[in-house]
Amino acid sequence: MGAQAAGPLVLGVDSSTQSTKTLVVDAETGVVVARGQAPHTVGGGPGKESDPRQWWEALGGALAQCGDAARQVSAVSVAGQQHGLVTLDAAGDPVRPALLWNDVRAAGHSERLIAERGGARAWADRVGSVPGPAFTVAKWAWLRETEPAAAAATAAVRLPHDYLTGRLTGEAVTDRGDASGTGWWASATGAYDTEILAHVGLPPEALPRVAQPGEAAGTVHAGELPLPRGALVAAGTGDNMAAALGLGLRPGQPVLSLGTSGTVYAVSTHRPADPTGTVAGFADARGDWLPLACTLNCTLAVDRVAALLGRDREAVEAGGEVVVLPFLDGERTPNLPGASGLMHGLRHDTTAGQLLQAAYDGAVFALLRALEQVLDADATAGAPLLLIGGGAKGRAWRETVRRLSGRPVVVPEAQELVALGAAAQAAGLLLGEDPAAVARRWGTARGTEYEAQPRDDAALDRLAATLTDAEPLLRR
Ligand SMILES: Nc1ncnc2c1ncn2[C@@H]1O[C@H](COP(=O)(O)OP(=O)(O)O)[C@@H](O)[C@H]1O
Ligand SMILES: O=C(CO)[C@@H](O)[C@H](O)COP(=O)(O)O
């Protein structure tokens, strides 16, 4: 253990796509006293799948790195990658690997579901979101049709974070934030939508209870992990909702997260209902909303382009007019699930560094365009963009965001904001405080502010024109 703690210790867990990260935090000061990280693998051939048991093992591995500090925590919270379909049998074991948020095989089922239940406007009004292929409801529809034996063997359906909470506590509990990414939780009523569940043949009893903000899921009952039995376990939430807590966000402050997924979001007091489907109308983990847009191709896609070019990820060069739409995994924003990567405007004098810069530009362009739709009446004009996620450590990412947004950018010193947000939720539960206020007390959003630069409208125009002209190809 590092520094001496002033208050009780809490554990925040971030079970994201590529790894599990754990932070043991002093609930009083926010000082991180121990940390751990263990990787996951994503497989599945044409799809994106992970074995949920691997997340549990990775949690154990990350906790082991926290040493004695983990054995001293008084409260725990787990945040996880959103939307994933975890199917459990009657014994609580996974029926098959989980289908992840970035698996686009449910694209056809998503379109059918939207049409069968009144169209995009009806879904947005009722559920808050138009359920694209990322949403759990589309994945469940895919599973029922493609693997009926697996669907029939399913006694319980979980999201990644509540699967882990369930193994920790023995309780079936989720929260409104993560539930709002399923497509079967209606933001209009704040409850599961039994008509939608009946439509997709999923009994409500298969789902976890949705805890109220501030309510506990239970206590640690599993003896397998180096955690004290009886420690409080908060309801947890989705990773983006946890990062919003971790930043202590107030309504209207825009966030851009660069990880496996790229996301842009802001807390809002207005319930979102975007019929275009660009903005997902998520609930946050408190009692407000989290309008959010998400791309499938962010850090991994740009790192792949760098690897193909044999360059370091920071070895970018300015200039030239080449355009890259880095849609290596298909894309969600814009909604082009069948797309692949596209390059346009290559010349004899285009350099490898310019090509790499163009991949960064393509990834950031998609996010910034969606940000205009995410920001609503609560938006604070001219507010700096809070830049978080693994990519925020990179100079090329940061400079690309500055050049294409024309906004000031703040990079918080705290790097693991999802795990910190989970820790803030655990501390809030333990101390009876609002978790966002806890994070503000901890000063988690403090960081370096980079001033606004003139926006590179020529690059944005080139990207927009290429996207429009190439759309038939990208839809193929
Ligand atoms: N120093 C760095 N500079 C730029 N990018 C980085 C750096 N370190 C990590 N990354 C990027 O961060 C990504 C992981 O981000 P992270 O937010 O941890 O992902 P996730 O939570 O989705 O699993 C990696 O794909 C990598 O490209
Ligand atoms: O699908 C979404 C948001 O709707 C993603 O943001 C996932 O929640 C995965 O997150 P990371 O692993 O990239 O953090």
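Assuming a ≥ b ≥ c are the square roots of the Cα gyration tensor eigenvalues, decide whether segment 153-288 counts as rounded (a/c under 1.5), prolate (otherwise, with a/b larger than b/c) or oblate. Because a/c hits 1.5 or more and a/b fails to exceed b/c, segment 153-288 counts as oblate.
Please give me the summed charge of the neighbours of residue 49: other residues whose Cβ is under 11 Å from its Cβ, Lys and Arg +1, Asp and Glu -1. Within the 11 Å Cβ shell, the charges total +2. For a modelled paramagnetic label at residue 308, 7 Å from Cα along Cα-to-Cβ, the residues of segment 334-351 in reach, with backbone nitrogen under 19 Å, are 334, 336-351. Return a whole-number percent for the relative contact order of segment 21-83, with Cα pairs under 8 Å and 6 or more residues apart as the contact set. This gives 34 percent for segment 21-83. Applying 1/(1 + (r/R0)^6) with r as the Cβ-Cβ distance of residue 437 and residue 276 and R0 = 45 angstrom yields a FRET efficiency of 0.85. Sorting 248-261, 391-404 by average packing, meaning the other beta carbons within 10 Å per residue, from highest down gives 248-261, 391-404.
This model, with +1 at the C-beta of Lys and Arg and -1 at the C-beta of Asp and Glu, gives segment 1-70 a dipole about its Cα centre of some 160 debye. Once amide H atoms are built 1.01 Å from N in the peptide plane, which residues 5 or more positions from residue 156, or in another chain, come under 5 Å H to H? Here 88 satisfy the definition. The charge dipole of the chain, taken about the Cα centre with unit charges on the Cβ atoms of Lys, Arg (+1) and Asp, Glu (-1), comes to about 160 debye, rounded to the nearest 20. Taking the DSSP beta bridges with both ends in the chain, the antiparallel portion is around 70 percent.
3J(HN,Hα) along segment 427-441: 5, x, 5, 5, 9, x, 10, 5, x, 5, 5, 4, 5, 5, 4 Hz, from the Karplus curve 6.51 cos²θ - 1.76 cosθ + 1.60 with θ = phi - 60°, whole Hz, x for Gly and Pro. In terms of its alpha-carbon gyration tensor, segment 84-200 comes out oblate; a/c meets the 1.5 threshold, while b/c is at least as large as a/b. Please work out whether the chain counts as rounded, prolate or oblate from its C-alpha gyration tensor, where a ≥ b ≥ c are the square roots of the eigenvalues and a/c under 1.5 means rounded, while otherwise a/b larger than b/c means prolate and anything else oblate? It comes out oblate by the Cα gyration axes.
Each part reduced to its alpha carbon centroid, segment 406-445 and segment 297-321 end up 31 Å apart. Projecting each Cα onto the charge dipole of the chain (Lys/Arg +1, Asp/Glu -1 at the beta carbon, about the Cα centre), which of 137, 421, 336 comes out farthest on the positive side? Result: 336, furthest along the dipole toward the positive end.
By counting other Cβ atoms within 10 Å of each Cβ, how are 24, 31, 78, 233 ranked from fewest to most?
Exposure proxy ranking, most exposed first: 31, 233, 24, 78.
When we measure straight from the Cα of residue 48, which lysines land under 19 angstrom away, once same-chain ones fewer than 8 places off are left out? Result set, ordered by chain and number: 139. Annotation: lysines with alpha-carbon distance below 23 angstrom to residue 393 (same-chain offsets under eight excluded): 21. Working note: Karplus 6.51/-1.76/1.60 with θ = phi - 60° gives segment 210-225 the couplings 9, 6, 6, x, x, 8, 7, 7, x, 10, 5, 10, 6, x, 6, 9 Hz, where Gly and Pro are set to x. About its Cα centre, the dipole of segment 124-202 is roughly 100 debye, where the only charges are +1 on Lys and Arg Cβ and -1 on Asp and Glu Cβ. Taking 0.36 nm per residue of separation and subtracting the current Cα-Cα distance, fully stretching the chain between residue 91 and residue 448 would add 123.6 nm. For the listed peptides 158-164, 180-186, 116-122, a ranking on the average number of other beta carbons within 10 Å per residue, highest first, reads 158-164, 180-186, 116-122. In this structure, the amide hydrogen of residue 210, modeled 1.01 Å from its nitrogen in the peptide plane, lies closer than 5 angstrom to those of 174, counting only residues at least 5 positions away or on a different chain. Sorted ascending by nearby beta carbons within 10 Å, beginning with the fewest, 167, 441 become 441, 167.
Quick note: the coordinates plus some simple rules give every number you see, no bench work behind them. These figures come from a predicted structure and were not determined experimentally. For neighbour counting, all protein chains shown are included, and Cβ atoms are generated from backbone atoms with ideal geometry for every residue, glycine included.
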